[in-house]
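A short write-up of the structure that comes next.
Rule-based calculations on the coordinates, nothing more; no lab input. Keep in mind that this is a model prediction, so the values were computed, not measured. Please note: Cβ atoms are built from the backbone with ideal geometry, for glycine as well, and neighbour counts cover all protein chains shown.
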Amino acid sequence: MKNNLLTLGAGLAAFAIVFALTKVWKMPRAERLDVTLTAKQPTDATPTATIPGMVWIASGEFTMGTDAELGWPEEKPAHRVRVDGFWIDETEVTNSRFREFVEATGYVTTAEKVPSAEEILAQSPPGTPAPPKEKLVAGSLVFTMTDGAVDLKDYSQWWQWTPGANWKHPEGPESDLDGREQHPVVHVSWDDAVSFAKWAGKRLPTEAEWEFAARGGLIDQPYVWGDEAPSDTRVFANIWQGEFPHRNSQADGFARTAPVRSFKANGCGLFDMAGNVWEWCSDAYDVGAYGRRDGSKVIANPQVDRSFDPRNPRAASRAQRGGSFLCNDQYCSRYRPSARHGLSPDTGMSHVGFRCVKN
Ligand SMILES: [Ca+2]
């Protein structure tokens, strides 16, 4: 969380190391945490009513994850999954919509609260010294472009802990939401997203629901738009063009978030299922979850209920999907529908948002 974000400041060197380890991570089966497979009755009936701003995704089967070379270890192996029908927001939750929630409820987001030293230490590596009082301020991590090429394993080069950064001030106290009403809300923690969803009578999607919807009816395609790799001249989503993190050509027109609906919808009529902002899912984040699934069966409505993220082993991380405006092929290519990511549930960042689903 932002606690953890402060923690990040102290533990960034370790972070870089575990990031590298992620690529080769293999955990003994016995030490891995269980995956809960929840079998529900299929809900095939297409609703006769409509819900404004939402799309009905009929139940169906698909191949979750990938065995492709482009995929990261946590996306493998590919396996067959069935999900029941559900409604999903056409777009990421916007600043305008999030403001309605805050005005109706008086909700205060995680990034607006002053963290305690205890909260920070609870997620810090053992032996981490208590942060000085002057460091205990409300804030969040903001992406900051570097002056030149840097070690891509060292997140601290481009993530700046920024006091006063929150959903209303995406780049810090000097920034605001003028002209960004239709941009996705950012700096929202998983806790914030869940609170919004409850208020809206919705919930966060499972990873399986999210990926099924993101694929938009395409079969085994690497991207939500098909198989064509994006480039400076072939723009499909708000990602990063150029050299990360020091030169952004903005071939897609946006250095940071873009208004929702700026790019073509996928086959299900959903916008920004690739890029723009990472989207929280309901699942705990476990990098090894797929390795324990029974690939000989079609798995119904899988959901991960315990986390393991070697980059952040002390946090009960939650899953995120879709990649963000910071993703490019050179760095992570995680704007692909099978790509997965995790973050501590009490952390928001300047490239993290969400959308909701409804039964
Ligand atoms: Ca962009």
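Taking amide hydrogens as placed 1.01 Å from N in the peptide plane, the amide H of Ile57 sits under 5 Å from those of Phe86, Trp87, Ile88, each at least 5 positions away in sequence or on another chain. Taking Lys and Arg as +1 and Asp and Glu as -1, the other residues whose beta-carbon sits under 14 Å from that of Gly275 total +3. Between Arg256, Arg340, Arg180, the residue with the greatest mean-square fluctuation in the GNM of the chain (Cα pairs under 10 Å linked by springs) is Arg180.
Where Rh is the Kirkwood radius over the Cα pairs of the stretch 65-112, the temperature 25 °C and the viscosity 0.890 mPa s, what D in µm²/s does Stokes-Einstein return? Once the numbers are plugged in, D ends up at 165 µm²/s. Structure note, pairs Lys198/Lys358; Lys202/Lys297; Lys113/Lys133: Cα-Cα distances above 19 angstrom occur for Lys202/Lys297.
Its alpha carbons considered, the chain gives a radius of gyration followed by a Dmax of 19.3, 58 Å.
Could you compute the FRET efficiency for Val137 and Tyr331, with r as their C-beta to C-beta distance and R0 at 30 Å, rounded to 0.05?
Numbers: r = 30 Å, r/R0 = 0.99.
About 0.50, to the nearest 0.05.
For the stretch 132-190, which GluC sites (Glu not before Pro) pass both filters: DSSP loop (anything but H, G, I, E, B) and at most 14 other C-beta atoms within 10 Å? Could you put the intermediate results ahead of the total?
Details: sites: Glu134, Glu171, Glu174, Glu181; in loops: Glu171, Glu174, Glu181.
Here the sparse-neighbourhood loop sites are Glu174, Glu181.
Here is how the number arises for the chain: DSSP H runs of 4 or more residues each give -39500 (n - 2.57), the sum is divided by the residue count, and the result at 222 nm is -5000 deg cm²/dmol.
Put the Cα centre of the stretch 88-142 next to the Cα centre of the stretch 217-285 and the gap is 26 Å.
Using only side-chain charges placed at the Cβ, +1 for Lys and Arg and -1 for Asp and Glu, the dipole size of the chain relative to its Cα centre rounds to 660 debye.
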